[in-house]
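Working notes, structure below.
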């Protein structure tokens, strides 16, 4: 396959994954503002930061308001990570790699883009937000379903999956890093109601506020939350899960190409490191330092894959 | 009924009974609720939209992707009518290839005085780089789309031989797909010949013409100018259906005497390139140096016998409108027989007598640019205003050799679905022909229909639509 096609698939799935993650972040932000009296716009600063767009937002807006922040995250064309920009880029990539996609997958992406163009044509009224966020999640679920249900398990599939997982690992670690301070053990042994709101918001932004209680106690504990999102291999957005899957997809590529590349070593080393760690180790070493390092190495892996498999635009 | 009151209708006889090929369909249609059909028509549109069967109109930023309107009443051709057409098309395509081989080699047709030398050698579509070179299998036009119009029960004319890169075949396939999805019962009632094999036949046909330098199983690719090209959908569709790579010029380069593409495993050779890029842009080293769409050096690889380019560079000379007027002579010269399909009578404005006739009869004629396409740059005399005709006459007088003229044919009509039921509209037909060691004509093709009442312009860029085209079995 063309290096351009591999690149297109990888980015198509990164963008689609990102669109969904941004929608979740908005959802979590909205929820916080509902459950708290005297909402401060700082919360939206946190959301913008998790999305990695706090700075460019600041260049367009003097202050942070929920209305502007939401619009920036959902629709702003100048923001390459807004939901609309992500779908646009995802669909453009899909169009470019059209011959690598099954008809079902292509149609799911195209219909998603058609619906979003209408839905996000104008500023979304606050009352319509939940519906719009649902629609985004539903569309991405349809794309994912069509993809898993119809694509051959070959290199195309592996490149697409790796794109999804690298993006997801990046998102999860950013979400944690923005809120790392509320997870530090020194804050308090027993969560205040304020902490509870913060903790729930973290879980909600990875759609895990329910599943958390299936795995741990119903009670939120910072160490458990960190464990769940970083180390728990059952949790499909945890760093461990992402790396298990990245390693296995890279493994199929190594088989298919009969060649191991630097990317394989990097990914294996990262997975081994995650498997050897306990949440206590991470907390002791410093959660923030851990996450910062992780984001950087995750990026580096993306680079190595792109070079090793000769991606180009 | 506009300006063509006597048009031959393919569905209804003069006595308002359906013609034979339409009998089954008409019976079915008579039992349908018109409102239901209008609803189906909207369904079809949403199928096309979600599939992304769109084309780009240049110069419209936001309307970047448009749908070609699809009319759900099929155009039906009997097996007998089709056989006659197919024989005529085959004869013509064989003659075209013989003509191309001749003008790039011995030029016997010129020596025999049947065609003026200047018409060939001064023509920009004639490529001196092809002189003395014979493409693999001696095939120049791997894919041809012969445009045909009908004016009566037994009157068919060839309007154009599209021998460069005929487009529209994806619509032929998607129209059929859509019809079968929406009206499966119709395909039980009518035995319609298959068009669905086209991508497979195309692949086999291209693979059978691999270059001498190809050892083993030939590797095919479709070359597209990219996602902003108006026919990008079709390029990706064909690559997808054939299961071959879709490439752009920037994906390819010449290495070790081969054309190679940049893959995730390094550079890999391509043996057969179905290019949807014009000659001019194919090789910046040979043709337009400013082309970013092509592959520098591909012509050298081609001439060394290490790649097949379909269609061959330089085939454009055979579908030039000035050459068109000589097609009856060309067919006879190479096949030794009279043409089975008629040419539309054509006045070459380069000839003073013809020019005078054309200027005197502008109101009755269609005048076309020799190199134009897409329905642009032409004058439809009967519908043009006096002022338009006067302006065009000035252009004609200034550069007569740039134009040809033809009578306005009363194109046949087939009904389309309208709010009040059905109404006749003018149509043409583009069957698709594959040439390898044999000539294969896909039974059907693309029917284009002028959606405006009375209009004779069927081009999609000017408000034309399409129909599914059925060729019935015996």
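Just so you know, all these numbers are worked out from the coordinates, no wet-lab data involved. Note that the structure is a prediction, hence the values are computed from the model and not measured. Cβ: placed from backbone, ideal geometry, glycine included. Neighbour counts: every protein chain shown.
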- [ ] Fewest Cβ neighbours within 10 Å first, please rank A:155, A:167, A:304 accordingly.
- [x] A:304, A:155, A:167
- [ ] Go ahead and set up a Gaussian network model of chain A, Cα springs under 10 Å, then flag whichever of A:66, A:89, A:213 fluctuates most.
- [x] A:213
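Between residue B:50 and residue B:461, what is 0.36 nm times their sequence separation minus the Cα-Cα distance? Round to one decimal in nm.
Full extension from residue B:50 to residue B:461 adds 145.9 nm.
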Task: Coarse-grained scattering of the protein assembly as shown at q = 0.06 Å⁻¹, given as base-10 log I(q)/I(0) from a Debye sum over alpha-carbon atoms - done: -0.49
Open item on the list: Using the basic label-point model (7 angstrom from Cα toward the beta carbon), what is the residue B:200 to residue B:408 distance in nanometres?
Closed with: 4.6 nm
TODO: Express as a percent, rounded to the nearest 5, the fraction of DSSP beta bridges in the protein assembly as shown (both residues included) that run antiparallel.
DONE: 75 percent
Task: Ellipticity estimate at 222 nm from DSSP helix runs (n ≥ 4, -39,500 (n - 2.57)) divided over the protein assembly as shown, nearest 500 - done: -14500 deg cm²/dmol
TODO: Provide the FRET efficiency to the nearest 0.05 for the residue B:79-residue B:342 pair, computing r from the beta carbons and using R0 = 25 Å.
DONE: 0.70
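With a/c under 1.5 counting as rounded, go ahead and sort chain A into rounded, prolate or oblate using the C-alpha gyration tensor (a ≥ b ≥ c being the square roots of the eigenvalues; past the cut-off, prolate if a/b is larger than b/c, else oblate).
Values: a/c = 1.87, a/b = 1.17, b/c = 1.61.
It is oblate, given that a/c is not under 1.5 and a/b is not larger than b/c.
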- [ ] Along Cα→Cβ, 7 Å out, is where each label goes; now give me the distance between the ones at residue B:191 and residue A:248 in nm to one decimal.
- [x] 5.2 nm
Task: Computed over chain A: relative contact order in percent, which uses C-alpha pairs under 8 Å that are six or more apart - done: 24 percent
- [ ] Using only Cα positions of the stretch A:114-262, each an equal point scatterer, no hydration layer, compute I(q)/I(0) via Debye at q = 0.10, 0.14 Å⁻¹ and quote the log10 values to two decimals.
- [x] -0.49, -0.87
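For peptide A:4-10, what's the mean number of Cβ atoms from other chains within 10 Å of each residue's Cβ? Before the final figure, lay out the partial values.
Numbers: counts 9, 7, 2, 1, 0, 0, 0.
Taking the mean over all residues of the peptide, I get 3.
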TODO: Give me a single rounded figure for A:101-110: the average over its residues of other chain Cβ atoms within 10 Å of their Cβ.
DONE: 2
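For the stretch A:101-189, what relative contact order do you get, as a whole percent, if you take Cα pairs closer than 8 Å and at least 6 residues apart? Don't jump to the answer; show the numbers that get you there.
Details: 23 pairs, mean separation 36.5, N = 89.
Answer for the stretch A:101-189 is 41 percent.
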Open item on the list: For chain A, set up a GNM with springs between Cα atoms under 10 Å and report which of A:263, A:223, A:94 has the largest fluctuation.
Closed with: A:223
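Can you pull the semi-axes for the stretch B:380-445, root of five times each eigenvalue of the Cα gyration tensor, sorted largest first, whole Å?
Numbers: eigenvalues 218, 131, 11 Å².
Whole-Å semi-axes of the equivalent ellipsoid: 33, 26, 8.
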Open item on the list: If I take R0 = 22 Å and measure r between the Cβ atoms of residue B:217 and residue A:255 in this structure, what FRET efficiency does the formula 1/(1 + (r/R0)^6) give, to the nearest 0.05?
Closed with: 0.45
Task: Alpha-carbon centroid distance for the pair the stretch B:315-334 / the stretch A:81-131, whole angstrom - done: 49 Å
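Sort the stretch B:11-161 into rounded, prolate or oblate with this rule: let a ≥ b ≥ c be the square roots of the eigenvalues of the Cα gyration tensor; rounded if a/c is under 1.5, and if a/c is not under 1.5, prolate when a/b is larger than b/c, oblate otherwise.
On the way: a/c = 3.17, a/b = 1.66, b/c = 1.91.
Judged from the Cα gyration tensor, the stretch B:11-161 comes out oblate (a/c at least 1.5, b/c at or above a/b).
Which order results if A:97, A:279 are arranged by neighbouring Cβ count within 10 Å, fewest first?
Ordered by Cβ neighbours within 10 Å, fewest first: A:279, A:97.
Can you give the convex hull volume of the alpha carbon atoms of chain B per residue, in Å³? Before the final figure, lay out the partial values.
Details: hull volume 76.1 nm³, N = 474.
Spread over its residues, the Cα hull of chain B gives 161 Å³ apiece.
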TODO: List A:32, B:182 from most exposed to least, where exposure is judged by having the fewest other Cβ atoms within 10 Å.
DONE: B:182, A:32
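Tell me, what is the Rg over Rh of the stretch B:220-305, with Rh the Kirkwood radius over Cα pairs?
Reported Rg/Rh, Kirkwood definition of Rh: 0.95.
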TODO: Let me know the Kirkwood hydrodynamic radius for the stretch A:85-186, please, with Cα pairs as the basis and the value in Å to one decimal.
DONE: 15.6 Å
Task: Inter-probe distance in nm under a simple model that places probes 7 Å from Cα toward Cβ, at residue A:288 and residue B:111 - done: 9.0 nm
- [ ] Take every Cα pair under 8 Å in the stretch B:276-397 that's 6+ residues apart, average their separations, divide by the length, and report that relative contact order as a whole percent.
- [x] 13 percent
Open item on the list: Can you order the peptides A:290-302, B:166-178 by their average number of other Cβ atoms within 10 Å per residue, highest first?
Closed with: B:166-178, A:290-302
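In the stretch B:281-440, what is the volume of the convex hull around the alpha carbon atoms, normalised per residue and reported in Å³?
Details: hull volume 34.4 nm³, N = 160.
Spread over its residues, the Cα hull of the stretch B:281-440 gives 215 Å³ apiece.
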Task: FRET E, pair residue A:61, residue A:138, Förster distance 25 Å, beta-carbon r, rounded to 0.05 - done: 0.25
